[in-house]
Amino acid sequence: MTPFFSIITVCYNSEKTIERTLKSILAQTDQDYEYIIIDGASTDGTLNLVKQYEPRFEGRMKIYSEPDDGIYYAMNKGIQKAMGRFIGMVNSDDYYEPKALQYMREAVTDQKYQILYGFQRVLRNEQEIEIEFINDCMIGESMISHPSCFISSDVYKDFGMYDTRYKSAADLDFLIRIKKQTNTQFVPVYKIITNFALGGMSASGKGMREAARIRCKYGVYSRLRCEYVILQSRLIDLVHRIKRH
């Protein structure tokens, strides 16, 4: 039977964090899902830990492990393997709220192309620092919570997946493109869906530069503003290097 949801976790050497992610999927009040693990050939204990949990998913977990070419390449691979009507991405250092899938199912409309999105709790050093929600009318200027999104498989099938030329902001590129160039319905869900741990490339100067270039491509930023943000990001990188030394 085809599952309603496909949940994808992309991971690499995530032994220290992925257990909480796994537990959050098992805790879902809506169990109509498949769970796809896309591992980039981890060299730590990630796969052993995932396989320990596999029996508890009662056939709903699928594990793939091989070298890949980055997070968006791995996400696309997971999407290609997904069978569900709606596809969600939960990173290996993040986790869902127990009613995440339930809230999403309750919000589904009869439109063919849909992106459901909700609130995101932001954590720093395991401490809640804010609850984040950006309305889709602000896509481009800001960014809705990609980890809280559940996207109908028809969106990916008919409009394409993530552009793997980007290494840290392909989700921004994808959401702006879908918003500006398709008739996809964006559906806000006013519930906390996911818990997001700060850090990673998207928070770095490199991530800022990539996002600025994407916003410039779609006309959200002028070229002058793009150049200003790129300069600012290089200063941020310089400060970080000085602090490390």
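The values are calculated or read from the model by the stated rules, or taken from the named source; none is laboratory data. Model, not experiment: these values are computed from the prediction. All Cβ positions, glycine included, derive from the backbone under ideal geometry; neighbour counts span all protein chains shown. Areas reflect the complete protein model, heavy atoms only, side chains present, ligands, DNA and RNA absent. Shrake-Rupley method; radii C 1.70, N 1.55, O 1.52, S 1.80 Å.
What number of residues within the stretch 115-142 satisfy the criterion of being open to solvent by less than 10 Å² (accessible area, probe 1.4 Å), under 19 Å from GLN181 (Cβ atoms) and in a strand (DSSP E or B)?
Narrowing the stretch 115-142 to residues open to solvent by less than 10 Å² (accessible area, probe 1.4 Å): 115-118, 120, 122, 140.
Checking the rest, the ones that are also under 19 Å from GLN181 (Cβ atoms) come to 115, 117, 140.
Filter again for in a strand (DSSP E or B), leaving 115, 117.
Count: 2.
Return a yes/no flag: does the stretch 160-177 have any residue that is open to solvent by 40 Å² or more (accessible area, probe 1.4 Å), closer than 30 Å to ALA27 by Cβ and not small (Gly, Ala, Ser).
For the stretch 160-177, residues open to solvent by 40 Å² or more (accessible area, probe 1.4 Å), closer than 30 Å to ALA27 by Cβ and not small (Gly, Ala, Ser): present.
With respect to ILE242, is the statement that it is of a type in the set (Val, Ile, Thr), modelled with pLDDT under 95 and loosely packed, with under 13 Cβ neighbours inside 10 Å true? Break it down stepwise before answering.
Numbers: of a type in the set (Val, Ile, Thr): yes; modelled with pLDDT under 95: yes; loosely packed, with under 13 Cβ neighbours inside 10 Å: yes.
Yes: the conditions hold for ILE242.
If you take the residues of the stretch 50-87 that are more than 14 Å from the chain's Cα centre (by Cα), assigned to a helix (DSSP H, G or I) and of a type in the set (Phe, Trp, Tyr), which of them is farthest from TYR103 (Cα to Cα)?
Checking each candidate, the answer is TYR53.
Sort out which residues of the stretch 25-52 are surrounded by fewer than 19 Cβ atoms within 10 Å (Cβ to Cβ) and hydroxyl-bearing (Ser, Thr, Tyr), and write them in order of number.
Across the stretch 25-52, the qualifying residues are THR29, THR43.
So is LYS206 at pLDDT 95 or above and either among the basic types (Lys, Arg) or under 29 Å from ASP69 (Cβ atoms) (or both) or not? Reasoning before the result, please.
Working: at pLDDT 95 or above: no; either among the basic types (Lys, Arg) or under 29 Å from ASP69 (Cβ atoms) (or both): yes.
Considered against the rule, which asks whether it is at pLDDT 95 or above and either among the basic types (Lys, Arg) or under 29 Å from ASP69 (Cβ atoms) (or both), LYS206 comes out as no.
Which condition does SER145 not pass, out of (1) surrounded by fewer than 16 Cβ atoms within 10 Å (Cβ to Cβ); (2) under 14 Å from the mean Cα position of the chain (by Cα); (3) hydroxyl-bearing (Ser, Thr, Tyr), if it passes all the others?
Failed condition: (1).
Quick one: is ILE7 of a type outside the set (S, T, N, Q), crowded, with 20+ Cβ neighbours inside 10 Å, touching a Ser or Thr at 6+ places or on another chain (Cβ under 8 Å) and touching a residue at least 24 places away in the same chain (Cβ under 8 Å)? It would help to see each step written out before you state the result.
Details: of a type outside the set (S, T, N, Q): yes; crowded, with 20+ Cβ neighbours inside 10 Å: yes; touching a Ser or Thr at 6+ places or on another chain (Cβ under 8 Å): no; touching a residue at least 24 places away in the same chain (Cβ under 8 Å): yes.
It is false that ILE7 is of a type outside the set (S, T, N, Q), crowded, with 20+ Cβ neighbours inside 10 Å, touching a Ser or Thr at 6+ places or on another chain (Cβ under 8 Å) and touching a residue at least 24 places away in the same chain (Cβ under 8 Å).
Does the stretch 88-114 hold any residues that are surrounded by fewer than 21 Cβ atoms within 10 Å (Cβ to Cβ) and either assigned to a loop (DSSP other than H, G, I, E, B) or among the charged types (D, E, K, R) (or both), and which are they?
Once the filter is applied, which keeps residues that are surrounded by fewer than 21 Cβ atoms within 10 Å (Cβ to Cβ) and either assigned to a loop (DSSP other than H, G, I, E, B) or among the charged types (D, E, K, R) (or both), the stretch 88-114 yields ASP93, PRO98, LYS99, ARG105, GLU106, VAL108, THR109, ASP110, GLN111, LYS112, TYR113.
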